[in-house]
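Read through the structure below, which is laid out as structure tokens, and then see the notes.
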Amino acid sequence: MRRATWVLLFLAALAVVLPQVVVPLVLPPGSVHVPVAPSPGEPATWPYAFGALVCHQLPDRSFAIAENQLPVCERCLAIELGMAAALAAAVLVAPRGGFVAALSAFLPGRLRSRAGVLAIGIALVLPMVLDGGLQLATTYVSDTPQRLLTGFLYGVGQAGVVIGLAAWLLDDWSESLMGSPGR
């Protein structure tokens with residue numbers, strides 16, 4: 001994948017994250033009361049409408065800026081930041097031979113493959129799945145640092161899986177369009 005592709009993916013991640021921080025900051029203090037009814041004519045409601053699609057938006061598990069609750073909870077914000085961080089790394093590294101090849105260089109020999117990179121991505125997703133599953137099945141409630149850490153790891157892992165799969169599919173797609181040298 002070209003650097004331009006990574007830049008576009010990173011900008012898309014920023015387009016999701018930035019409004020969730022900027023909108024509560026620029027609204028009058030204490031004016032947001034979640035849930036916010038989405039309104040096509042009021043762009044300030046859009047991040048809250050998006051947040052409602054992906055998040056429970058519980059006030060006791062959400063940060064507030066200028067006395068306004070953010071559109072997503074702590075964990076969802078950390079997931080988005082983890083994904084943005086992984087995409088920013090892809091922009092900075094601009095891996096030759098694909099992102100999977102660049103990630104593989106950091107892995108032990110037997111994991112240096114597309115499947116290995118995907119396995120690492122899945123492993124980074126597991127702490128949040130376990131933490132969230134425990135909360136769902138028991139009376140256990142994680143605290144803010146745990147939600148931030150497991151969410152961030154999940155975001156990095158999810159981005160790794162998405163990046164790995166996208167690189168794999170795009171590499172295969174471009175090979176089929178261009179034809180492999182042996183054909």
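What follows draws every value from the coordinates through simple rules; no lab data is involved. Predicted model only: the values in this text are computed from it and were never measured. Cβ placement follows ideal geometry from the backbone for every residue including glycine, while neighbour counts extend to all protein chains displayed.
Results, tabulated for the structure shown:
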| quantity | calculated |
| --- | --- |
| Residues Trp173, Trp6, Trp46, sorted so that the one with the fewest Cβ neighbours within 10 Å comes first | Trp173, Trp46, Trp6 |
| Span per principal axis, largest first, for the Cα atoms of the chain (Å) | 64, 42, 23 |
| Distance between modelled label sites at Glu67 and Leu53, nm, 7 Å Cα→Cβ extension | 3.1 |
| Over the chain, relative contact order from alpha-carbon pairs under 8 Å, at least 6 apart, % | 24 |
| Sorted largest first, extent of the stretch 20-95 alpha carbons per principal axis (Å) | 44, 29, 22 |
| Modelled FRET efficiency - R0 45 Å, Gln135 with Leu92, Cβ distances, 0.05 increments | 0.85 |
| Rounded to 10°, Cα long-axis angle of helix 3-26 versus longest principal axis of the chain | 10 |
| Net length gained if the chain between Val21 and Ala115 were fully extended (0.36 nm per residue, minus Cα distance) | 30.3 nm |
| Residues Arg75, Arg61, sorted so that the one with the fewest Cβ neighbours within 10 Å comes first | Arg61, Arg75 |
| Sites Ala37 and Thr144 - FRET efficiency at Förster radius 30 Å, r taken between beta-carbons, to 0.05 | 0.60 |
| 5 angstrom amide H check on Asn68, placed H, neighbours 5+ away | Gly30 |
| Residues whose placed amide H lies under 5 Å from that of Ser62, excluding near-sequence neighbours | Glu74 |
